[in-house]
Amino acid sequence: MLLIDCPWCGPRNEYEFRYGGPSHIVRPEPYSAVSDTTWAQYLFYRENPKGLHKERWCHTAGCGQWFNLVRNTLDHSIVAVYRLGEKSPLLEKVS
Amino acid sequence: MSSGKFRLTDKGAVDYNVPINFSFNNKKYQGYRGDTLASALLANGVRLVARSFKYHRPRGIVAAGAEEPNALVTIGVGGYAEPNLKATQVELFEGLEACSSHGWPSLSFDLMAVFGLFGRFMPAGFYYKTFMWPNWHLFEPLIRKLAGLGSPPTGKDPDRYEHRYKQCDVLVIGGGLSGLAAAAAASEQGAEVLIIDDKPDWGGAAFAVAPTIEGTSSARLINDLVNVLKARSNVCMCSRTTALGYYDHNYVSMLEHTDNNQTVKACFWKVRASRVILASGAYERPLVFPHNDKPGSMLAGSVVQYIEKYGVLPGQIAVVATNNDTAYEAAISAHKAGIKIAAIADARPNPSQQVLSAMAEHGIRVYRSSVPTRLFGLNCVKAIQLSSLEDNGKISAKGLKIEADLFMMSGGWNPAVHLFSQSGGKLRFDEVQQAFIPEKANQNIICIGAAAGQFDAVKAFETAVRVGGNSKVVSALPACSGLIVSPLWKVSASSYNDGKSWVDFQNDVTAQDIVLAAGESFRSVEHLKRYTTLGMAVDQGKTSNVNAIGIMAGVLGKHLAEVGTTKFRPPFDSVAIGAVVGAARGGQFNPLRHMAAHDLHEHLGAFMKEYGRWSRPSHYPQHQEIEQESIAREMLAVRTKTGVFDASPLGKIEVTGPDAGEFLNRVYANTMKTLSVGQCRYGIMLNENGTVFDDGIVARLSENHYCLTTTSGGADEVTAWLREWLQGEWPELNTLIIPVTEQWSVMAVMGHQTRKLLSNLGSTIDFSKSAFPFMSVREGKIADVGVRVMCVSFIGELTFEIWTPAGYVPSLLKWLCDDENCVTPVGVEAVVALRLEKGNLIVGVDTDGMSQPQDIGFQDAIENKMGDFIGRRSLTRPASLGSKRLELVGLRVPRGVEPLQAGAHALAKELNGDSRSIGYVTSSAHSPTLGRSVALGLIAGGRQRIGERVTIFDDGTLYDAQIIAVGEYDREGDRLRA
């Protein structure tokens, strides 16, 4: 049971949240100019890193806000939490 | 009735003033308050308490705590029955009725024990190998009946369990001397401390292993510490509480047993601790040698517990066998209590001079380089055979037989690292202690005392105070000390006929099984465990796992560290499922949502059913109607007169702000930009794969104010979905999303006369055709209550959906159904059938996880739309463009055919004459309006096949059907323009 520090509400138990997959996925646009390959990459291909992983969560049972966090997949420690639109504090270090 | 004749009056913490009557296997006994069932049985001289799992061998009490492998009992009868409780953990209470989990027809005469005679033929994997032909499953039921532990309760668990949640600065697991000292030091600093112990009282094993610490008796020290902790408001003390699981971010689950006169039987705790101090002690290891499993064969430290804590003598003459010094302390304790120590066999050639002179002082004979090689006796130990260990490691053929009724063994100690390991901590194998001890923590947890391999009581106490008092001490685990163990994983039998050497008493796994497993290449400990079932019983191998690893290492010629341990998993100790479930059972398991007019529906005769977690009227049977009759009557009422349907569970979301229109245009697959104020439009939502995942109505209430509906089950999901896109993808859009499903109730009034009916409602809304056309929305008031009304249709008749604040809906329903208006209440089943006549789909019923807009008739709406929307790009992927996609069509069956089952396949003949499925029926119902069944289905290339005939394969019966366009009732939509 992770303890997630919602940037709006503070630390809460994991079951108040909904996981939304990896963050910083760029949606290719405009749709009329996106190749099948690029679109498939966007839809289906994800990193599965051993170590730091940037991901998106929503505080569904709280403020309803989506936000980002960086979690270490080795020990589930959360090393950073930041709002959508903000730059990852560890962006350079994370592959 | 007999009172305990093995009872000491000058020792123990039991209350001799309060005798307690109990029964074991229907025989009456007496114990005292403070006894466990195990201590009371030993005090009554009961040695045989159980039969073993596989061979039904007679077994006795081995230990004094959670590690007990043998003494499994069932307490209570019927629904109250709780099987496989350890007698060492069951507190005695007046009227307690306990039975052995095993033994048929009686414990002392177990017919199944005949299996023991064939024991040599039944090694690990025996059943699987022997009963392979013709099929293991033929034999399995019989074999399962013969084996197994305990029986499940025969009734529903009538007990009450609760859940509790807590946060604390420091959680101390284990209330022995180390735990108490750490808790006192931590709370001294002002930390919020929770300290737990699985026993009803505090002090752990300290008083037995460390009589004094720097001049103060440990009993006194414990008493003082407990008083200090009890007086502090920042300390919470929970006895009878076991930590079961250690999860991410210092989240610990615990089980608290209440004493036996509470209304709540047990309490399941979930604790989030900033820091965890693990002071869980250590478990002693048995010695592995032939026939080591006789009743009367006990762990030396546990014997001391029975003497010192319960004032119970488990025997009269004892032989002690050991590979370390702790057994000498146990021998002295037993000796002082009046047990005659006939001999001590020490596997080491040179025990320390200190212990030797102490034994000499008490006149106890020590045999060096000696090991036990056999226990004699049937239902109790009668004699012990000792043999000398020669320099080459071989056992001398000669044995010395010593008569005794108690065998005290110590094969070393295993620190209770289970929770440390669950937390992700790494273990290392310590050569001095011959045990796995904590090395590197992965979370904020620190081990102290025996759990850290610290067996020196004085040092352990000092460390506990230091660790408790300074939260900065996190990584420097205290070095283990105070115990030197000589490896003795198994006493090699000199010949096969010496009999089996038991490693896992509870699952009847022997040293021979482990050797066999290694020989058959099950060499990884995880394989060994599953092949032999070692460590897989109720005790989870607390006494057996490390011995097994040692034996495996010996067979493979490897080091124990290389063999490693199996994964430690929760729960640490067995737990009733009822405790984990807590109050979430019966109606509380998955609570149904009730609508505001629930009571009124029941008053109107509704038959309520569950629909997507809502309790809703299925139909309203009248005058002995059967379900089909009721549904048909309700449907005809809607088609010919007026019906009302409670649509309150409909998902409702408000979308507001200057960019709300733009946002909705990107979210819906069809155009929403052109929707003008006061208009409604049906819309479908896709995910990025282009799959239709929800649909509903969008109503524009004012310039910047939209309200949309979702499917009844989809409101939460759609809300989260909309928020993700708004917040994550288009933060520049000035839009607000507010879910309002519970705020509004909705009554759908259906029928061609509704305009006239609702004009009498007394509202400020003009229901005339010119003022309120089809697919529009109006706001107004009924008697000062603000309402919204939408003129839409799902079922093919003109429908006004009247939204009122939730609490006001019963009065509206009452008005509609009163004697004057006579509107027919209509249930879910009728509405679902009515929409089927009309051909309106339900997302998730008439679509599947592949359905895209072009498959359900929205090709034109998509093509005409300008700009991007969620899922648009996926609609032009190659797979989306094929002509073989499953398309929604109508299926017409001949008159007289009952409604088809959803899922029935449509078959078409191929060129070679074979029939092949080309799709399936998605929904079907009887149409009283048309006088026959109607159906929708997903058919490959369906729209191109309209007019073709197919065969429907419905659960073995074949029907002829024709593929038709969707919708059979009022295709032109004249009814909606009424």
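The values are calculated or read from the model by the stated rules, or taken from the named source; none is laboratory data. This is a predicted model, so every value here is computed, not measured. Counting neighbours? That spans all protein chains shown, and the Cβs are built from the backbone with ideal geometry, glycine included. When the accessible area is computed, the model is the full protein with side chains, heavy atoms only, and any ligands, DNA or RNA have been set aside. Shrake-Rupley method; radii C 1.70, N 1.55, O 1.52, S 1.80 Å.
Listed values, structure above:
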read-out	value
Enumerated helices (runs of 4 or more DSSP H) restricted to the stretch B:793-886, each holding at least 3 residues that are open to solvent by 60 Å² or more (accessible area, probe 1.4 Å)	B:809-816, B:859-863, B:878-881
Any hit, the stretch A:48-57, residues being surrounded by fewer than 16 Cβ atoms within 10 Å (Cβ to Cβ) and not in a loop (DSSP other than H, G, I, E, B)	no
Yes/no for A:Ala61 being open to solvent by less than 80 Å² (accessible area, probe 1.4 Å), of a type in the set (A, V, I, L, M) and either farther than 20 Å from B:Ile737 by Cβ or away from chain B (no Cβ under 12 Å) (or both)	no
All positions within the stretch B:364-392 that are open to solvent by 20 Å² or more (accessible area, probe 1.4 Å) and assigned to a loop (DSSP other than H, G, I, E, B)	B:Arg365, B:Arg368, B:Ser369, B:Gly377, B:Leu378, B:Asn379, B:Cys380, B:Lys382, B:Glu390, B:Asp391, B:Asn392
Members of the stretch B:931-956 found to be surrounded by fewer than 19 Cβ atoms within 10 Å (Cβ to Cβ) and either among the aliphatic types (A, V, I, L, M) or not in a strand (DSSP E or B) (or both), listed by number	B:Gly931, B:Ala940, B:Gly941, B:Arg943, B:Gln944, B:Ile946, B:Gly947, B:Glu948, B:Asp955, B:Gly956
Every pair of residues 6+ apart whose Cβ atoms lie under 6 Å, when the first sits in the stretch B:664-691 and is closer than 13 Å to B:Phe858 by Cβ while the second is crowded, with 16+ Cβ neighbours inside 10 Å and of a type in the set (D, E, K, R)	B:Thr671/B:Lys865; B:Ile684/B:Asp695; B:Met685/B:Asp694
Members of the stretch A:8-28 that are over 27 Å from B:Ser423 (Cβ atoms), within 14 Å of the chain's Cα centre (by Cα), in contact (Cβ under 8 Å) with a residue 24 or more places away in the chain and assigned to a loop (DSSP other than H, G, I, E, B)	A:Ser23, A:His24
Subset tally (residues that are surrounded by 20 or more Cβ atoms within 10 Å (Cβ to Cβ) and either more than 25 Å from the chain's Cα centre (by Cα) or within 14 Å of another protein chain (Cβ to nearest Cβ) (or both)) for the stretch B:252-299	30
Residue tally, condition open to solvent by 30 Å² or more (accessible area, probe 1.4 Å) and closer than 13 Å to B:Arg877 by Cα, over the stretch A:3-40	7
Hits in the stretch B:30-47 (condition: in a loop (DSSP other than H, G, I, E, B) and either over 14 Å from B:Ala98 (Cα atoms) or charged (D, E, K, R) (or both))	B:Gly34, B:Asp35, B:Asn44, B:Gly45, B:Arg47
Members of the stretch A:9-44 that are of a type in the set (S, T, N, Q) and over 30 Å from B:Tyr165 (Cα atoms)	A:Ser23, A:Ser32, A:Ser35, A:Thr37, A:Thr38, A:Gln41
Residue check, B:Ile738 open to solvent by 30 Å² or more (accessible area, probe 1.4 Å), within 45 Å of the chain's Cα centre (by Cα) and among the hydrophobic types (A, V, I, L, M, F, W, C)	yes
Meets criteria (within 10 Å of another protein chain (Cβ to nearest Cβ) and under 12 Å from the mean Cα position of the chain (by Cα)) for A:Phe44	no
One residue from B:Gln422, B:Gln454 being in contact (Cβ under 8 Å) with a residue 24 or more places away in the chain, of a type outside the set (Gly, Ala, Ser), within 29 Å of B:Ser574 (Cβ to Cβ) and in contact with a strand residue (DSSP E or B) (Cβ under 6 Å, 6 or more places away or on another chain)	B:Gln422
Positions within the stretch B:682-703 being surrounded by fewer than 20 Cβ atoms within 10 Å (Cβ to Cβ) and of a type in the set (D, E, K, R), in sequence order	B:Glu688, B:Glu703
Enumeration of residues in the stretch A:73-95 that are under 12 Å from the mean Cα position of the chain (by Cα), within 12 Å of chain B (Cβ to nearest Cβ) and either at pLDDT 90 or above or surrounded by 14 or more Cβ atoms within 10 Å (Cβ to Cβ) (or both)	A:Ile78, A:Arg83, A:Leu84
B:Ile395 vs. criteria at pLDDT 95 or above and surrounded by fewer than 23 Cβ atoms within 10 Å (Cβ to Cβ)	no
Residues (in a loop (DSSP other than H, G, I, E, B), open to solvent by 50 Å² or more (accessible area, probe 1.4 Å) and among the aliphatic types (A, V, I, L, M)) located in the stretch B:398-433	B:Val432
